[in-house]
1. Counting only heavy atoms of protein chains, what accessible area per residue, in Å², does the range 17-107 have with a probe of 1.4 Å?
2. Sequence gap at least 6, Cα distance under 8 Å: using those rules, report the relative contact order of the chain to the nearest whole percent.
3. Tell me the net charge near residue 56. Cut-off is 15 Å between Cβ atoms, residue 56 excluded, with +1 for each Lys or Arg and -1 for each Asp or Glu.
4. Within a Cβ distance under 13 Å of residue 10, other residues only, what is the Lys/Arg minus Asp/Glu net charge?
5. Keeping the other protein chains in place, figure out the carbon and sulfur percent of the accessible area of the chain, with a 1.4 Å probe.
6. What is the gain in length, in nm to one decimal, between residue 30 and residue 53 on full extension, counting 0.36 nm per residue of separation less the C-alpha to C-alpha distance?
7. Enumerate the calculated ³J(HN,Hα) couplings along the range 2-13 in order (Karplus 6.51 cos²θ - 1.76 cosθ + 1.60, θ = phi - 60°), each rounded to whole Hz, writing x wherever the residue is Gly or Pro.
8. Need the list of aspartates and glutamates near residue 64 for cross-linking: C-alpha distance under 18 angstrom, and skip anything on the same chain fewer than eight residues off.
Amino acid sequence: QVHVAESGGGLAQPGGSLRLSCTVSGSIVSGNHMRWYRQVPGKERELVAHIYSWGGTYYSDSVKGRFTISRDTAKNAAALHMNSLKPEDTAVYYCSLMQGGQMFWGQGTQVTVSS
């Protein structure tokens, strides 16, 4: 079993910053990848950022240049550093672990960007 847990969501003002954290535990194997998604009510879950096992990264156009994904493989953890936040970044953010052809999800953490 794999358990994924996010933390760090909350309220931020436009232009502000937040840092989301993700920890994974259980049957973790090397070579896994980690992702951050977000979802707003009535819309599909959107891929925000991806970090490969070797450290390479991918960002959606909507967050490129503002968000940074990182990981600490030794600690089975990842983070999403969000800067220059916009109201349209408001969503529930989910961390996921991809390994062995499976995807494991956390419960999500709410991020609200509002003045």
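1. 52 Å²
2. 37 percent.
3. The answer is +3.
4. Taking every Cβ under 13 Å from that of residue 10, the sum is -1.
5. Carbon with sulfur: 49 percent of the solvent-accessible area.
6. Between residue 30 and residue 53, full extension yields 7.5 nm more.
7. So the J values, rounded to whole Hz, are 10, 10, 10, 9, 9, 7, x, x, x, 9, 9, 7.
8. Here the aspartates and glutamates satisfying the reach criterion relative to residue 64 are 46, 88, 89.
The values are calculated or read from the model by the stated rules, or taken from the named source; none is laboratory data. Every value quoted in this text rests on a predicted model; they were computed, and no experiment measured them. Neighbour counts run over all protein chains shown; Cβ positions are idealised from the backbone, glycine included. Ligands, DNA and RNA are stripped out before the accessible areas are found, and what is left, the full protein with its side chains, is counted by its heavy atoms. Shrake-Rupley method; radii C 1.70, N 1.55, O 1.52, S 1.80 Å.
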